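What follows is calculated from the coordinates using simple rules that are stated; it is not laboratory data. Owing to the predicted nature of the structure, the values given are computational and were not obtained by experimental measurement. Cβ sites come from the backbone with ideal geometry, for glycine too, and all protein chains shown count toward neighbours.
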Amino acid sequence: MAVEVCVCSSVSGDVGLPARLEGIPAMDMYCRKCGEPWDHDELHEVAEEQDTTYERVRDAFLANGCAVFSTRCNGERSGEPSVIGEVFAVLAELGDLDGAMAEMEDFREMGVFG
């Protein structure tokens, strides 16, 4: 049984990353509507600001994209769905958010997405 431990500074205080994680770039999550990349820590910050749970903010991001960050989503203006955003949303729905972010990073390294 794997145990997932959040090492985000916004949750655990500014304790830094374990030595085995230092130097590893943070992975992004992508808005399903416009494809805008967002840092995962933003979900924790919004949860704290709105006095709600991380899980609710995560689910709202996966459903509504950038709107969860109180910003106007570029996808709303274009009317075109974002391919990178839709791929991310499908991966997140099939597994977990961390796995989806890792897969997207792999796709970027392979040149699938710019």
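Could the peptides 43-50, 32-39, 106-113 be put in order, highest first, of the mean number of other beta-carbon atoms found within 10 Å of their residues?
Per-residue Cβ counts within 10 Å, averaged per peptide and sorted highest first, yield 32-39, 43-50, 106-113.
Which cross-chain or sequence-distant (5 or more) residues have an amide H under 5 Å from the amide H of residue 36, H modelled 1.01 Å from N in plane?
Long-range HN contacts for residue 36: 31.
From the backbone phi of segment 38-48, what are the Karplus-calculated ³J(HN,Hα) couplings (6.51 cos²θ - 1.76 cosθ + 1.60, θ = phi - 60°) in whole Hz, Gly and Pro given as x?
Coupling constants for segment 38-48: 9, 6, 4, 4, 4, 5, 5, 5, 5, 4, 5 Hz.
Per q in 0.22 1/Å, what log10 I(q)/I(0) does a Debye calculation on the alpha-carbon atoms of segment 26-110 return?
Here log10 of I(q) over I(0) equals -1.03.
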